[in-house]
Amino acid sequence: MINLENISYSYPFQSTKALTNINLQIKKGEAILVTGRSGCGKSTLGRLINGLIPTYFAGSLSGDMHIAGIDRKRHSFHDLTGLVGSLFQDPEQQFLSTTVDDELRTALEWRGYSSRQIDSALNPIIEQLGLQNKLGSSLFTLSEGEKQKVALASILALKPQILMLDEPTANLDIDSTRELLSILTSLKQEGMTIVIFDHRLYWLRALIDKFYLMDDGTISESGSFSDLEQLRTKFGLRSTQQAHLSVPQLTIGQMTQPGGLYFDALSFGYSGQPPLFNNFSGGLPQGKVIAICGQNGRGKTTLARLSMGLEKPISGNISLHGAIQSAKNRLQRGSLVLQNTELQLYMRSVTEELQSAVSEPDKKININATLEQFRMAGLQDRHPQSLSGGQRQRLVIACALQKKPEVLILDEPTSGLDGHNMEMIGQHVRAEAERGAAVALITHDHELINNCCDYVWTLQEEV
């Protein structure tokens with residue numbers, strides 16, 4: 001189904017090869033995992049398989065490649081679009097519409113399907129993914145996990161022969177991850193070839209037939225899932241076992257301590273949608289790392305946006321260290337890292353990005369030391385948008401820490417991060433809490449929570 005022979009590739013204006021002598025054979029109906037350190041070449045390999053290289057990403061490409069019997073040298077990118085469906089790490093990158101209904105129907109309409117055929121193709125997938133209650137929604141009001149489900153539904157409706165997924169569980173809660181695993185298992189049984197690029201390993205144990213481990217643009221190891229455990233330390237991999245929470249729940253008494261961020265009788269809802277918060281109270285204590293958990297769509301990201309003044313509550317107050325603060329003051333005194341890292345990077349180089357994060361013009365940043373701390377040495381001159389997903393994630397977190405915030409909120413901070421970098425980020429957020437900041441991690445990642453959090457704050461269905 002997928003056959004790559006002696007493939008090498010370099011991005012434009014880069015002297016170092018992103019892929020070197022890649023040989024890969026994947027059979028029809030197999031489920032394959034591609035993993036490895038952040039920046040090892042996984043995303044580049046995915047772009048090669050789905051045709052974005054060299055059609056969208058130019059550069060230097062050599063070797064032979066056949067996808068579902070198609071010789072890529074003799075067929076166009078258009079020929080691949082009906083064969084390979086790709087779920088990107090950031091689903092917003094593949095949206096073409098503004099509402100859930102339109103997004104699900106667009107590709108089928110372009111292919112000439114009648115309204116009746118579209119309904120027939122979409123209805124079982126909508127039910128399977130639990131999207132019935134989101135059909136009238138704007139895509140901009142969905143959580144990242146819900147956006148991911150919409151993107152997956154639109155792909156499955158086209159019935160591709162090969163399904164590629166890039167970090168598919170990065171923004172999913174535990175229940176949604178189980179649902180995704182069930183869906184992929186059914187698709188595999190139906191004969192679909194599945195290629196998953198992921199750092200999170202535990203959920204794939206019963207699905208994958210084989211893994212390929214990449215290192216510095218090459219395939220370094222391959223084997224069965226059970227072989228991954230012995231490679232964890234050497235290659236900085238995540239755990240192959242599902243982590244069970246060992247962190248206590250945050251209590252009301254801890255929320256109402258004088259220091260930190262506090263929400264008092266907060267109410268908020270998006271236009272045309274049921275309220276997410278109704279007379280809601282709670283908070284983030286100073287000097288602690290709090291994991292904010294809850295099912296997809298419960299309002300975790302919205303709460304973070306309210307904290308920093310990016311959304312305005314209908315009613316209620318938000319205080320910092322016991323004093324009510326304006327949205328402007330909260331934003332000046334806090335740092336927020338959202339899930340869409342590319343939307344938070346706007347300078348021409350990594351160095352300029354770090355320098356722009358400091359508001360005081362006379363404050364100097366030791367760029368080299370910061371890059372070393374965040375395992376990005378040698379990338380100071382790279383354009384931020386050319387970095388891998390994990391590298392961009394580390395960069396935006398590094399920028400957030402430059403201002404020494406009183407409140408630090410990171411939304412799904414381990415998206416795109418391998419095991420070593422997850423532990424490194426955990427050390428940094430612990431240091432921020434010890435410095436006196438109120439720190440919150442919006443996450444479904446139990447491994448991260450056990451690694452660095454003091455308490456878990458679970459947003460219930462009715463808040």
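The values are calculated or read from the model by the stated rules, or taken from the named source; none is laboratory data. Computed from a predicted structure; not experimentally measured. Cβ placement follows ideal geometry from the backbone for every residue including glycine, while neighbour counts extend to all protein chains displayed.
Among the residues of the range 255-272, those identified as in contact with a Gly (Cβ under 7 Å, 6 or more places away or on another chain) and either under 25 Å from PHE140 (Cα atoms) or free of Cβ contacts under 8 Å to residues at least 12 places away in the same chain (or both) are PHE263, LEU266, SER267.
Every condition in (1) assigned to a loop (DSSP other than H, G, I, E, B); (2) over 26 Å from the mean Cα position of the chain (by Cα); (3) farther than 28 Å from PRO91 by Cβ; (4) not hydrophobic (A, V, I, L, M, F, W, C) is met by ASN368 except one, and the failing one is (1). Looking across the range 188-239 at every residue that is in a strand (DSSP E or B) and free of Cβ contacts under 8 Å to residues at least 24 places away in the same chain, the one that is nearest to LEU19 (Cα to Cα) is identified as GLU221. Got at least one residue in the range 303-310 being of a type in the set (Gly, Ala, Ser), farther than 18 Å from LEU441 by Cβ and touching a helix residue (DSSP H, G or I) at 6+ places or on another chain (Cβ under 8 Å)? Checked against the condition, which is being of a type in the set (Gly, Ala, Ser), farther than 18 Å from LEU441 by Cβ and touching a helix residue (DSSP H, G or I) at 6+ places or on another chain (Cβ under 8 Å), the range 303-310 yields at least one hit.
The range 30-144 holds strands (runs of 3 or more DSSP E) entirely within its bounds, and those carrying 2 or more residues that are touching a residue at least 24 places away in the same chain (Cβ under 8 Å) and in contact with a Ser or Thr (Cβ under 6 Å, 6 or more places away or on another chain) map to 60-67. For the range 14-28, filtered to residues that are in a loop (DSSP other than H, G, I, E, B) and not β-branched (Val, Ile, Thr), the residue that is nearest to the chain's Cα centre (by Cα) is ALA18. Looking across the range 289-342, the residues that are part of a helix (DSSP H, G or I) and farther than 15 Å from PHE277 by Cβ come down to ALA327, LYS328, ASN329, ARG330, LEU331, GLN332, ARG333, THR341, GLU342.
Just one of the listed residues (LEU345, LEU320) is among the aliphatic types (A, V, I, L, M) and closer than 30 Å to PHE197 by Cα, and it is LEU345.
The condition of being in the same structural domain as ASN296 (by TED's automatic domain parsing) and over 23 Å from the mean Cα position of the chain (by Cα) holds for only one of GLU423, GLU352, that being GLU352. Taking the range 371-407 as the range and being in a helix (DSSP H, G or I) and aliphatic (A, V, I, L, M) as the test, the residues that pass are LEU371, LEU395, VAL396, ILE397, ALA398, ALA400, LEU401.
Does LYS312 satisfy the criteria of being on the phi < 0 side of the Ramachandran plot and surrounded by fewer than 19 Cβ atoms within 10 Å (Cβ to Cβ)?
Yes, satisfied.
Taken over the range 365-394, the residue count meeting the criterion of being in contact with a Phe, Trp or Tyr (Cβ under 8 Å, 6 or more places away or on another chain) and either surrounded by fewer than 19 Cβ atoms within 10 Å (Cβ to Cβ) or in the same structural domain as ASP90 (by TED's automatic domain parsing) (or both) is 1.
When the test is whether a residue is aromatic (Phe, Trp, Tyr), in contact with an Asp or Glu (Cβ under 7 Å, 6 or more places away or on another chain) and modelled with pLDDT under 90, PHE88 passes it.
Going through (1) surrounded by fewer than 18 Cβ atoms within 10 Å (Cβ to Cβ); (2) within 23 Å of GLN460 (Cβ to Cβ) one by one, GLY299 falls short only on (1).
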